[in-house]
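None of the figures in this text is laboratory data; all of them are computed from the coordinates on show. Not measured: the values here are computed from a predicted model. Note that each Cβ is placed from the backbone with ideal geometry, even for glycine, and that neighbours are counted across all protein chains shown.
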Amino acid sequence: MDRQLKEGKGWRLGWQPSATFPALLGTNQWAVELTATEFVDFRRLLLQLIDSVAQLQDQLMVEETIACEASSDLIWVEVRGYPQQFNLSFILLSGRRAEGQWSVESTAELVGAIQTIEVF
C-alpha cells in the first residue's frame with residue numbers, strides 16, 4: 001500500500017504504512033504523527049462517537065448542542081456541537097503527549113477522509 005495524503009481547508013490526514021509513525025493528523029497550523037495503533041483507536045472512537053451522536057439526534061431540540069467523548073488507553077476523542085456540525089478534539093494519553101482540535105468547518109471533510117483512507 002502506498003503513502004496516502006489527504007488535505008482540505010483546515011485539515012490534513014496521512015498514512016504511510018512503512019513509517020514508524022504511519023499516521024499524520026493535523027491542520028494548516030499543526031500536525032502530529034501517530035502510531036498505527038493510536039490511529040486505529042482514533043478512527044474507531046471517532047466513528048463510534050459519530051454513530052452515538054446520530055442516535056441521539058432525534059432526542060435533541062433543534063437549538064440543543066451535545067458533547068460526547070470516548071477513550072482508550074491510548075487516546076481520548078471528543079465531538080462537541082450540533083449533531084450535523086461539531087468540533088473534534090483529541091488527546092494522546094500514553095508515551096508522548098499531543099493534542100489537537102478541528103473546527104466545525106473542517107471536521108465534516110476530515111471525517112469523510114478518515115472513512116475512506118485505507119489503513120490496512
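Only residues that are surrounded by fewer than 16 Cβ atoms within 10 Å (Cβ to Cβ) and in contact with a helix residue (DSSP H, G or I) (Cβ under 6 Å, 6 or more places away or on another chain) were counted across region 69-86, and they come to 1.
Of the strands (runs of 3 or more DSSP E) lying entirely inside region 63-120, those containing at least 2 residues that are among the small types (Gly, Ala, Ser) span 66-71.
Taking the criterion of being more than 20 Å from residue 28 (Cβ to Cβ) and either more than 14 Å from the chain's Cα centre (by Cα) or crowded, with 17+ Cβ neighbours inside 10 Å (or both), the residues of region 87-118 that qualify are 92, 93, 94, 95, 96, 97, 118.
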